[in-house]
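A quick write-up on the structure given underneath.
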Amino acid sequence: MTTKIRPLAAGNWKMNGLSASIGEIKAIAQAAAQIGGADVLICPPATLIAAATAAASGRIAIGGQDCHAKASGAHTGDISAEQLKDAGATFVIVGHSERRADHGESDEVVRAKAEAALRAGLTVIVCVGETHLQREAGQTLAVVGGQLSGSLPHGATAKNMVIAYEPVWAIGTGLTPTPADVAEVHGFIRHELVDLMPGEGAAVRILYGGSVKPSNAAELMAVENVNGALVGGASLTAKDFLGIASVYK
């Protein structure tokens with residue numbers, strides 16, 4: 001594990017969770033003191049952010065899963081970064097592969113959302129990652145590099161931005177890159193960040209996401225330039241998520 005950068009164990013609940021799920025937030029928050037080596041974050045659906053913030057009692061961070069680029073306006077069904085912050089969020093995810101694929105979000109759109117997050121005072125998690133076809137074609141680094149340079153918000157620093165590398169083909173499939181694969185991409189991202197963000201890039205947290213579970217967390221989190229995890233399905237229960245986060249006890 002990288003020791004110079006404080007890791008982040010983050011959970012993305014996606015479109016899962018009802019009011020009864022707040023019990024899982026409480027359980028994670030109560031155990032957070034045992035995860036002394038990392039910050040802990042859960043991003044529930046927007047409907048639960050206020051309740052999750054209350055349940056967390058400041059022991060863990062709560063974040064949103066997406067935001068609109070505008071602060072307000074006629075955008076039915078959308079939520080602004082300011083509204084997320086008002087509900088209690090301190091982080092927001094942008095550019096997740098499911099947003100890029102399902103909603104056709106371009107790097108330009110992702111960048112605008114990331115800048116909105118910074119405008120509202122949120123820490124932004126910018127996601128990048130390649131599809132299986134792109135990996136098979138040897139395009140992984142080109143795709144990730146393009147997404148990175150195209151999505152980085154103006155004004156980003158190591159304190160207000162996190163990068164999450166999520167190979168699309170490993171999300172929810174049970175397939176996981178080898179530690180060597182992860183090391184190659186994370187090393188590349190670090191190199192790019194140093195070039196793109198002079199004086200800041202070396203300290204930006206880079207999370208790995210993609211079928212992270214308790215059984216493989218220790219191996220993946222030990223890879224150089226992996227500064228934590230963005231966890232999907234395994235973050236829905238306190239038991240599984242804490243099994244991953246406990247790597248940083």
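Quick rundown of the values:
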item: Partners for K239 among aspartates and glutamates (Cα-Cα distance below 15 Å; same-chain residues under 8 apart left out); result: E24
item: 3J(HN,Hα) from dihedral phi, segment 82-92, Karplus parametrisation 6.51/-1.76/1.60, rounded to Hz, x for glycine, proline; result: 5, 5, 4, 5, 4, 7, x, 6, 10, 10, 8
item: Share, in percent, of DSSP beta bridges within the chain that are antiparallel, nearest 5; result: 0 percent
item: Distance violations [Cα-Cα > 28 Å] among K14/K70; K26/K213; K113/K249; K70/K159; result: K113/K249
item: Computed [θ] at 222 nm, deg cm²/dmol, the chain (DSSP H ≥ 4; -39,500 (n - 2.57); rounded to nearest 500); result: -10500 deg cm²/dmol
item: Derived scalar couplings ³J(HN,Hα) [segment 174-187; Karplus, 6.51 cos²θ - 1.76 cosθ + 1.60; whole Hz; x for Gly, Pro]; result: x, 7, 9, x, 6, x, 5, 4, 5, 4, 4, 6, 5, x
item: Under Karplus coefficients 6.51, -1.76 and 1.60, residue-wise ³J(HN,Hα) of segment 8-24 in Hz, glycine/proline x; result: 10, 9, 10, x, 10, 6, 6, 8, 9, x, 10, 4, 5, 6, 4, x, 5
item: Taking the chain and dividing mean pair separation by its residue count, relative contact order in percent (alpha carbons under 8 Å, at least six apart); result: 23 percent
item: Dipole of the chain, positive end: most advanced residue of H103, V124, I171 [Cβ charges, Cα centre]; result: V124
item: Interchain or long-range residues, amide H under 5 Å from R205's placed H; result: I163
item: Under-5 Å amide H pairs with T176, H placed in peptide plane, nonlocal only; result: none
item: Cα gyration tensor shape of segment 195-249, rounded if a/c is under 1.5, else prolate or oblate by comparing a/b with b/c; result: prolate
item: For segment 115-160 and segment 32-74, distance of Cα centres in Å; result: 20 Å
item: Long-range HN-HN contacts of I125 with modeled amide H, under 5 Å; result: V92, I93, V94, V162
item: Pairwise Cα inverse-distance average, inverted: Kirkwood Rh of segment 125-249 (Å); result: 14.7 Å
item: Estimated dipole of segment 27-92 in Debye, rounded to 20 [Cβ of Lys and Arg +1, of Asp and Glu -1, Cα centre]; result: 120 debye
item: Neighbour-count order for D102, D78, fewest beta carbons within 10 angstrom listed first; result: D102, D78
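Values quoted throughout were computed directly from the atomic coordinates according to the rules given, and no laboratory measurement underlies them. Quantities reported herein were computed from a predicted structural model and do not represent experimental measurements. Cβ atoms come from the backbone with ideal geometry, glycine included; neighbour counts cover every protein chain shown.
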